[in-house]
Amino acid sequence: MKRVILTTAIICGVVGAASAQTFGSFSNVTTFTGITITPGLGTAPFTVSLAPTASLKYNGTTYGIDQILGVFALNSNGDLSATAGTTPSGWNFVNNNSGPGGMAGYEGNSNSVRINNGQSKTFSFGSLGSGVTGIGFHVQFNCTTPFGQTAYVTSPVPEPASMAVLGLGIFGLVRRKRRS
């Protein structure tokens, strides 16, 4: 089950406000589509893409997402240690462990440093500690929403046990098909 979370905090002013955000300020969103990370967060380079029709659903209403202002690894259980790796021009590395949970990632440092609809950017961490429980994005909407023009949304990282069960299921299906 893909669970997505959204802050109820309204983010005003400069994009640099992400350094004050923590995992503990997020709340549930019902549906989230159009942002992908390939192959996934880590020390190897990963590409963040925003589809032309990216959106989230909150209280039965769908809101279009226009831009990604930041991307983060999140740990709801405690601090998250990380160092900067590949940092695109104009983006800042952020590592905040204040409050409940921790976060580390990248945020654009001006109004022109963003990932727009249909675009991608490549990042990496120099190091990334264990315990990542979610992937966070600072996004801007194409309309006014109950939570302002921008907000932080997250998608949980599948835990290793879930991935193992999924892998066993696929293995079983392939084996069964070969026996047929």
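The values are calculated or read from the model by the stated rules, or taken from the named source; none is laboratory data. The model shown is predicted, which means the values in this text are computed figures rather than measured ones. Backbone-built Cβ (ideal geometry, glycine too); neighbour counts: all protein chains shown.
Tell me which residues, restricted to the range 43-64, are outside any strand (DSSP E or B) and either at pLDDT 90 or above or within 30 Å of residue 130 (Cα to Cα) (or both). Selection gives 43, 44, 45.
Looking at 32, 23, just one residue is under 13 Å from the mean Cα position of the chain (by Cα), at pLDDT below 80 and closer than 20 Å to residue 84 by Cβ, and that residue is 23. For the range 91-104, a tally of residues being under 26 Å from residue 63 (Cβ atoms) and without any contact (Cβ under 8 Å) to a residue 40 or more places away in the chain returns 1. Condition first: surrounded by fewer than 17 Cβ atoms within 10 Å (Cβ to Cβ) and touching a Gly at 6+ places or on another chain (Cβ under 9 Å). Now tell me which residues in the range 98-116 satisfy that. Those that are surrounded by fewer than 17 Cβ atoms within 10 Å (Cβ to Cβ) and touching a Gly at 6+ places or on another chain (Cβ under 9 Å): 99, 100, 109, 110, 112. Check the range 136-144 and report whether any residue there is in contact (Cβ under 8 Å) with a residue 12 or more places away in the chain and hydroxyl-bearing (Ser, Thr, Tyr). No, because not a single residue in the range 136-144 is in contact (Cβ under 8 Å) with a residue 12 or more places away in the chain and hydroxyl-bearing (Ser, Thr, Tyr).
Selection of the range 104-138 for residues being assigned to a strand (DSSP E or B) and either more than 16 Å from residue 40 (Cα to Cα) or hydroxyl-bearing (Ser, Thr, Tyr) (or both) yields 106, 107, 108, 115, 116, 120, 122, 127, 138.
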